[in-house]
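Take this structure, written in structure tokens, and hold onto it; I'll ask about it next.
Just so you know, all these numbers are worked out from the coordinates, no wet-lab data involved. Because the structure is predicted, anything quoted here is derived from the model rather than measured. Here the Cβ positions follow ideal geometry from the backbone for every residue, glycine too, while neighbour counts run over all protein chains shown.
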Amino acid sequence: MTEKELRKSLNDYLPDAGLPEKRREALLAKIRAEGKTAAAPLHLKGEDEMRKSGKFRVTLVLAAALLLSFTMALAAGMSGFVNYKGEPVERQNMVSATPMPANSQ
Amino acid sequence: MRSGALVPGDEREAWFIRLMDTYGRLLLGLCIMLLKDHQLAEDAVQETFLRAWRTGGLREDTERAWLVRVAANICRDYQRSRWFRFVERRVTPEDLTIPVPPQENDVIREVKRLPRKEREVIVMHYWGGMSAAEIAESLGIARASVYRRMENAKKKLKLELDEKGDAAHD
């Protein structure tokens, strides 16, 4: 078998043209339909609706509150603990709320 | 390989028709040889073009490689699907109401019997006229792998067809 024979066999067996006309028409109809759908600015519509319903503002406030509480927790963690008067307490001076049993030593 | 230059909206349909006209034959032949089924091959080509449309545009220098790669991947997906594996595929052309595909000769039969990886390289080169570099780019493999697959396929074809030739002479 030569390369020429292989090429000729493939050329004889496989179709000379691409998709049949019906398939092409169906495909064109589909892309036209998709083109119309894609033209609608869906993401903008969604954002507008969110703004109108007030969800946007609520989400913004919640996000800000979350960020603030996280920052405060981080600052407290870095600066150490405080007692009920607001005075800083060293970690080793903190007393356990439950007294140690007498026979534990 | 990425889909780069976007085609403007009003030119997209013309661009799409050009894609179908230019690459329809190549893709259909490739899919027929990979799937061994004309109707499924047409489905695969349709899906390939639809995916191309959804990219919004392809760079002209890489569009052929992109389309061939996507078509080969779609054919692979079809072959992996449960439906493909369990459907009875030994129906004779006389049983079908659809147009009868052309008769296969020994060469085509042997090409169809090759492993998929070797078959796609053979079809891309001898049917699609693609160079080893283009095939490598399309399949995302090294050029050396393309040469190796092509050589293996040719050896197998030669062996099988020579054996058949000898048997016919005897």
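Spelling out what I want: for every residue of region A:69-75, take phi, set θ = phi - 60°, compute 6.51 cos²θ - 1.76 cosθ + 1.60 (Karplus), and round to whole Hz; glycine and proline get x.
Result, ordered by residue: 5, 5, 5, 5, 5, 5, 5 Hz.
What distance in nm separates the two pseudo spin-label positions at B:THR22 and B:ARG54, each 7 Å out from Cα along the beta-carbon direction?
With each label placed 7 Å out from Cα toward Cβ, I get 2.2 nm.
Let me ask something else about it. Applying the Karplus parametrisation 6.51 cos²θ - 1.76 cosθ + 1.60 with θ = phi - 60° to the phi angles of region B:120-130, what ³J(HN,Hα) value in whole Hz is obtained for each residue in order, glycine and proline being reported as x?
With the stated coefficients, region B:120-130 comes to 5, 5, 4, 5, 4, 7, 8, 9, x, x, 8 Hz.
As a footprinting exposure proxy, order B:LEU28, B:LEU58, A:LEU28 by other Cβ within 10 Å, with the fewest listed first.
Going from least to most buried by this count: A:LEU28, B:LEU58, B:LEU28.
So for region B:44-85, what percent of the C-alpha to C-alpha distances run longer than 16 Å?
38
Turning to a different aspect of this structure: Listing A:PHE56, B:PHE49, A:PHE70, B:PHE16 from the residue with the fewest other Cβ atoms within 10 Å to the one with the most, what is the order?
Exposure proxy ranking, most exposed first: A:PHE70, A:PHE56, B:PHE16, B:PHE49.
Along region B:26-34, what does the Karplus equation 6.51 cos²θ - 1.76 cosθ + 1.60 (θ = phi - 60°) give for ³J(HN,Hα), rounded to whole Hz, x for Gly and Pro?
4, 5, 5, x, 4, 5, 4, 6, 7
Separate question: Would you mind classifying region B:18-88 by shape? Square roots of the alpha carbon gyration tensor eigenvalues, ordered a ≥ b ≥ c; an a/c under 1.5 is rounded, otherwise it is prolate if a/b is larger than b/c and oblate if not.
Taking the square roots of the gyration eigenvalues as a ≥ b ≥ c, region B:18-88 is prolate.
Taking amide H atoms as placed 1.01 Å from N in the peptide plane, list the residues 5 or more away in sequence, or in a different chain, whose amide H sits under 5 Å from that of A:GLY18.
B:ARG25
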